[in-house]
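Here the structure is laid out as structure tokens; the discussion comes afterwards.
The values are calculated or read from the model by the stated rules, or taken from the named source; none is laboratory data. Note that the structure is a prediction, hence the values are computed from the model and not measured. For neighbour counting, all protein chains shown are included, and Cβ atoms are generated from backbone atoms with ideal geometry for every residue, glycine included.
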Amino acid sequence: MADLDNFRAEVGEWLDANAPQSLRGVQVTAERGGTWGGRRATFEPPDMKPWLQMCIEKGWTAPSWPSEYGGGGLSSEAAKLLAGEMRKRRLPPPLTGFGLSMIGPTLLRYGTEEQKQQHIRKIVRGEIRWCQGYSEPDAGSDLASIQTRAVRDGDDFILNGQKVWTSYGDLSDWIFALVRTDPKVKKQEGITFILIDMETPGVSVRPIKLISGKSPFCETYFDDVRVPVKNVIAEINGGWTVAKALLRDERSMIADVFGSVADTGKQRKPGSMLANLARQYLGGADGTMLSDPVLRDEIARCELDDKAFALTVQRTRDAAKAGHQSGPESSIFKVYATELNKRRSELMVDIAGPEGLGWEGTGFDKDELARTRGWLRARGNSIEGGTSEVQLNIIAKHVLGLPD
Amino acid sequence: MQLLLTEDQELLAKTAADFVAKQSPVSRFRELRDSDDPLGFSRSLWKQMAELGWVGIPFPEEFGGAGLGLSELAVILEALGRNLAPEPFISTVLLAGQALLLGGSDAQKKRWIEPVAAGDAFLALAYQEVRGRYDLHRIRTRAERNGDGWRITGEKRHVIDGGAADALIVAARTTGDVSDADGITLLLVEAGAKGLTLERQRRVDSRGAALVKLEAVEVGADAVVGVEGQGGALLEDAIDRATVGLCAEMLGAMSACFERTLEYLKQREQFGVPIGSFQALKHRSAEMYIEIELSRSTMMAAARAVDAGTDDARKLISLAKARCSDALILISNEGVQMHGGIGMTDEHDIGFYMKRARVAATTFGDAAWHRDRWARLSGY
């Protein structure tokens with residue numbers, strides 16, 4: 001305990017002395033802010049670059065990963081303290097991305113020593129940006145029916161097929177993908193998890209424009225792409241197990257993102273964010289009742305759900321800290337957090353009334369336009385990473401034991 | 001604040017679960033209802049619960065209590081709620097017991113809390129009036145000066161377990177108009193006082209409730225609980241604590257109702273397969289499960305906030321009541337629907353949960369009322 005207190009004090013002092021002041025309050029969202037690393041890395045604001053560099057040297061981009069691969073080698077308690085000290089100073093994470101949140105943990109669990117040596121350090125240092133090749137045009141919720149073929153040719157596989165919904169595929173350096181290596185067996189048993197350098201000849205990427213006007217996703221095509229067999233993670237035809245584990249990590253990451261929105265919502269500004277917003281459109285002095293009783297009830301309902309969810313996340317963490325076994329909660333969190341985020345986004349547009357209708361240009365302020373685009377983007381939250389319906393199926397089967 | 005049961009609380013939960021399973025299956029509640037038991041619960045079982053130390057949980061040791069808090073009492077109430085056990089924790093220990101504990105004189109505490117904690121006395125809080133809905137200040141019952149003491153006239157309704165009470169705490173108006181926040185005084189009236197009559201109110205959940213008439217009931221100066229004219233705040237504090245207890249009971253009821261429904265979905269076959277294999281029912285079941293998990297978090301947070309005396313306790317209580325009310329109504333409605341025809345029969349227990357849900361959701365303010373209070377407390 002004393003060690004942890006010392007550690008906390010040291011971290012605090014170091015951050016106060018070294019972390020760039022300009023970064024305080026910088027919000028990293030999926031679409032802007034911070035840095036995602038990679039060969040085409042961007043830094044927003046520019047001080048993210050030295051911040052990343054100094055954190056790499058401390059091992060703080062991946063604080064709890066083993067130090068032999070460039071991680072911080074910290075215990076999970078110490079890593080939480082570190083994150084807490086950064087949050088307290090409103091510092092953004094030095095590095096964001098699927099390397100840290102998805103493929104890194106998978107490699108640490110399933111990778112060979114050679115694979116770990118090849119990739120982990122580059123992930124930790126933000127040198128390689130990763131994307132995920134899971135869904136296909138005919139394999140969405142039914143992910144196990146993927147058709148991208150990998151045919152053995154000596155020490156290589158030859159890949160042909162198409163992936164879709166590849167997040168930031170156009171900005172990424174490597175892709176981790178599910179491919180079909182055996183079409184004759186049960187569909188889950190002929191899938192292989194493989195890593196592919198996006199610069200390999202035959203890989204091409206095309207961005208998809210969404211209803212929000214943005215293009216966070218791509219289609220990725222494989223046309224006679226030659227990939228070494230040594231890039232397979234775990235067994236050939238054993239990819240489904242790896243895929244499921246990674247999906248659980250992804251879902252808890254999604255839930256964490258929205259959970260932390262719920263957690264910090266009240267700290268950004270005093271009072272209720274939604275009520276303050278409504279005040280701008282409905283008027284009325286602070287502390288008086290909002291003049292639209294129905295909207296007021298919807299705001300209260302949304303806040304209650306937010307708080308109930310944040311408390312549930314906390315309860316699960318408290319139980320985990322006490323060493324209680326955790327169940328498949330990530331399914332509960334993913335479905336609840338994303339459905340709630342959709343409702344919240346929609347409510348914020350409702351609150352603005354006609355001012356919520358802007359697409360771009362004059363007559364709307366920047367925040368109004370961002371909220372409207374945000375609402376359109378949020379509709380995808382309950383589709384990506386497993387639809388809400390799939391999550392409910394998982395709860396019904398694995399938690400409630402209802403029959404197939 | 002940790003949202004986790006301590007080892008002691010885990011142990012208490014286990015003891016309570018075993019006790020309730022053995023001593024109070026739902027069939028016992030059915031017998032009480034069928035026999036038209038005027039008390040609505042069992043005095044001997046109450047005495048046993050007192051001997052186990054449960055009744056005294058939230059009272060200080062100097063009055064024979066255990067000096068624990070709502071977090072512990074919630075564990076007991078959840079266990080009772082599972083099997084719809086109607087023992088009078090909400091009325092005696094929480095509503096009236098907490099009003100005395102928070103506002104009573106030493107003499108009042110000594111006179112009443114000790115026998116309550118021992119399981120020998122029962123109390124009730126008479127505050128609601130006709131068509132008052134959830135407004136605590138809507139009080140027409142008047143108490144006028146009568147020498148040193150008071151003379152009370154009025155009518156109270158929905159007095160929980162009123163028929164069993166050895167004494168009632170009556171909310172009366174000593175000054176001001178109906179709905180004024182000021183001018184409310186809480187007065188202790190012993191059962192058998194001249195001018196006091198109780199009639200049983202039969203409500204859908206078959207639990208004890210009374211209509212109380214006070215016709216020039218005379219009490220002494222020492223009957224005032226708390227500060228004369230400022231009983232409104234004390235009333236709200238006592239009801240807040242009872243609300244947390246009720247949420248724990250509701251959590252137990254929704255969990256048990258859901259488990260019974262789930263069991264039925266696995267066992268009942270139609271079209272040659274268990275009906276639980278149908279996705280229409282699976283998704284609704286999964287949503288109910290989520291609601292129970294969220295309700296549990298809110299109830300635990302509210303109990304711990306009251307025990308720790310934190311500033312956000314009142315908001316967290318409204319959060320818990322709003323969510324537990326909505327969740328229990330949903331889960332008991334779905335319970336009946338998913339049981340199909342048999343769920344509509346009196347013979348089946350599932351309907352008891354739906355009836356209790358309606359009463360519990362309405363008691364101390366329904367979900368919409370608590371959302372309104374949350375908004376008021378949040379400044380909008």
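Numbers at a glance
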{"quantity": "Matching residues in the range B:104-119 - criterion: being buried (at least 22 other Cβ atoms within 10 Å of the Cβ) and either assigned to a helix (DSSP H, G or I) or of a type in the set (V, I, T) (or both)", "calculated": "B:W112, B:I113, B:V116, B:A117"}
{"quantity": "Within the range A:210-220, tally of residues that are surrounded by 17 or more Cβ atoms within 10 Å (Cβ to Cβ) and of a type in the set (S, T, Y)", "calculated": "2"}
{"quantity": "All positions within the range A:68-87 that are free of Cβ contacts under 8 Å to residues at least 40 places away in the same chain, hydrophobic (A, V, I, L, M, F, W, C) and not in a loop (DSSP other than H, G, I, E, B)", "calculated": "A:A79, A:A83"}
{"quantity": "Test: residue in the range B:218-240 that is touching a Lys or Arg at 6+ places or on another chain (Cβ under 7 Å) and in the same structural domain as B:T362 (by TED's automatic domain parsing)", "calculated": "yes"}
{"quantity": "So A:S388, is it out of contact with any Pro (no Cβ under 8 Å at 6 or more places or on another chain), within 14 Å of chain B (Cβ to nearest Cβ) and hydroxyl-bearing (S, T, Y)", "calculated": "yes"}
{"quantity": "Strands (runs of 3 or more DSSP E) contained entirely in the range B:164-215, each with at least 1 residues that are among the acidic types (D, E)", "calculated": "B:184-190, B:196-200"}
{"quantity": "Only one of B:E129, B:E114 that is touching a residue at least 12 places away in the same chain (Cβ under 8 Å) and not assigned by TED's automatic domain parsing to the domain that holds B:L94", "calculated": "B:E129"}
{"quantity": "The listed residue being closer than 28 Å to A:A378 by Cα, assigned by TED's automatic domain parsing to the domain that holds A:A378, modelled with pLDDT of 90 or more and touching an Asp or Glu at 6+ places or on another chain (Cβ under 7 Å), out of A:L311, A:L282, A:L277", "calculated": "A:L282"}
{"quantity": "Leading residue by the ranking (surrounded by the fewest Cβ atoms within 10 Å (Cβ to Cβ)) among those in the range B:120-170 that are of a type in the set (A, V, I, L, M, F, W, C) and in contact with a helix residue (DSSP H, G or I) (Cβ under 6 Å, 6 or more places away or on another chain)", "calculated": "B:A121"}
{"quantity": "Members of the range B:79-119 found to be farther than 23 Å from B:V20 by Cβ and of a type in the set (K, R), listed by number", "calculated": "B:K109, B:K110, B:R111"}
{"quantity": "Subset tally (residues that are closer than 16 Å to B:N83 by Cβ and either among the hydroxyl-bearing types (S, T, Y) or not in a helix (DSSP H, G or I) (or both)) for the range B:243-260", "calculated": "1"}
{"quantity": "Selected residue (criterion: farthest from the other protein chains (Cβ to nearest Cβ)) from residues of the range B:344-380 that are outside any loop (DSSP other than H, G, I, E, B) and among the small types (G, A, S)", "calculated": "B:G351"}
{"quantity": "Single residue of the range B:303-322 satisfying the filter (in contact (Cβ under 8 Å) with a residue 60 or more places away in the chain and under 17 Å from the mean Cα position of the chain (by Cα)) that is nearest to the other protein chains (Cβ to nearest Cβ)", "calculated": "B:A320"}
{"quantity": "Subset of the range B:261-279 that is surrounded by fewer than 18 Cβ atoms within 10 Å (Cβ to Cβ) and assigned to a helix (DSSP H, G or I) - its residue that is nearest to the other protein chains (Cβ to nearest Cβ)", "calculated": "B:S277"}
{"quantity": "The range A:123-144: number of residues that are farther than 18 Å from A:L246 by Cβ and in contact with an Asp or Glu (Cβ under 9 Å, 6 or more places away or on another chain)", "calculated": "2"}
{"quantity": "Considering residues of the range A:349-404 that are among the aromatic types (F, W, Y) and crowded, with 18+ Cβ neighbours inside 10 Å only, the residue farthest from the chain's Cα centre (by Cα)", "calculated": "A:F364"}
{"quantity": "Residue match in the range B:320-336 (condition: closer than 22 Å to B:L136 by Cα, aliphatic (A, V, I, L, M) and modelled with pLDDT of 95 or more)", "calculated": "yes"}
{"quantity": "Test: A:A177 is more than 20 Å from the chain's Cα centre (by Cα), of a type in the set (A, V, I, L, M, F, W, C) and surrounded by 15 or more Cβ atoms within 10 Å (Cβ to Cβ)", "calculated": "no"}
{"quantity": "Looking only at the range A:31-67, and only at residues there that are of a type in the set (F, W, Y) and not in a helix (DSSP H, G or I), the one that is surrounded by the fewest Cβ atoms within 10 Å (Cβ to Cβ)", "calculated": "A:F43"}
{"quantity": "Candidates B:G226, B:G245, filtered to the one that is modelled with pLDDT of 95 or more and at negative phi", "calculated": "B:G245"}
{"quantity": "Flag if B:E287 is under 22 Å from B:L5 (Cβ atoms), at the interface with chain A (Cβ under 9 Å from one of its Cβ atoms), out of contact with any strand residue (DSSP E or B) (no Cβ under 8 Å at 6 or more places or on another chain) and surrounded by fewer than 23 Cβ atoms within 10 Å (Cβ to Cβ)", "calculated": "no"}
{"quantity": "Within the range B:2-38, considering residues that are surrounded by fewer than 16 Cβ atoms within 10 Å (Cβ to Cβ) and in a loop (DSSP other than H, G, I, E, B), the one nearest to the other protein chains (Cβ to nearest Cβ)", "calculated": "B:Q2"}
{"quantity": "Test result for A:G161, in contact (Cβ under 8 Å) with a residue 24 or more places away in the chain, small (G, A, S) and either part of a helix (DSSP H, G or I) or closer than 30 Å to A:L52 by Cα (or both)", "calculated": "no"}
{"quantity": "Hits in the range A:293-322 - residues which are surrounded by fewer than 23 Cβ atoms within 10 Å (Cβ to Cβ), at the interface with chain B (Cβ under 7 Å from one of its Cβ atoms) and charged (D, E, K, R)", "calculated": "A:R296, A:D297, A:R301, A:R315, A:D318"}
{"quantity": "Count of residues meeting criterion [more than 16 Å from A:V229 (Cβ to Cβ) and surrounded by 19 or more Cβ atoms within 10 Å (Cβ to Cβ)] in the range A:149-161", "calculated": "1"}
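Results for (1) out of contact with any strand residue (DSSP E or B) (no Cβ under 7 Å at 6 or more places or on another chain); (2) of a type in the set (D, E, K, R); (3) in a loop (DSSP other than H, G, I, E, B); (4) in the same structural domain as A:V151 (by TED's automatic domain parsing), shown as yes or no for each residue.
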{"residue": "A:W165", "(1), (2), (3), (4)": "no, no, no, yes"}
{"residue": "A:D170", "(1), (2), (3), (4)": "no, yes, no, yes"}
{"residue": "A:I175", "(1), (2), (3), (4)": "no, no, no, yes"}
{"residue": "A:E199", "(1), (2), (3), (4)": "yes, yes, yes, yes"}
{"residue": "A:R206", "(1), (2), (3), (4)": "no, yes, no, yes"}
{"residue": "A:I211", "(1), (2), (3), (4)": "yes, no, yes, yes"}
